[in-house]
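What follows is a short report on a single structure.
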Amino acid sequence: SRRKEEEKGPAIRHECLESDRMRTYGWLRHDGRTFGVQRIADAEQRLAVTTDFVKFGGGGPRFGWTARARFDRPRSKRRKEKGKGK
């Protein structure tokens, strides 16, 4: 239920759909085979997630992927405007 979700805190997304009304999402850079950087800006959660993916080990049976995720909370416009006067 919605109340239980609110008690536990915000839900973590496991996918990003057009119907979710994300501010922005998509690939910033990639080559389609060995690396990629994507960013998801979630206005509802006030969170931006940037993930980097890199393939290692070539294309043989001993290859894999490594990933890094960065999470940023964009500063509100109010805070930015308050800081301008200082």
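Please treat every number below as a calculation from the coordinates, not as lab data. Fair warning: this is a prediction, and the values are worked out from it, not measured in the lab. Here the Cβ is made from the backbone with ideal geometry for all residues, glycine too, and neighbour counts use every protein chain on show.
Using 7 Å Cα-to-Cβ label points, what is the R75/H30 separation (nm, one decimal)?
For R75 paired with H30, the spin-label model returns 3.2 nm.
Could you work out how far apart the two model spin labels at D52 and S19 are, taking each label as a point 7 Å from the Cα in the direction of the beta carbon, and quote it in nm?
Computed distance between label sites D52 and S19 equals 3.5 nm.
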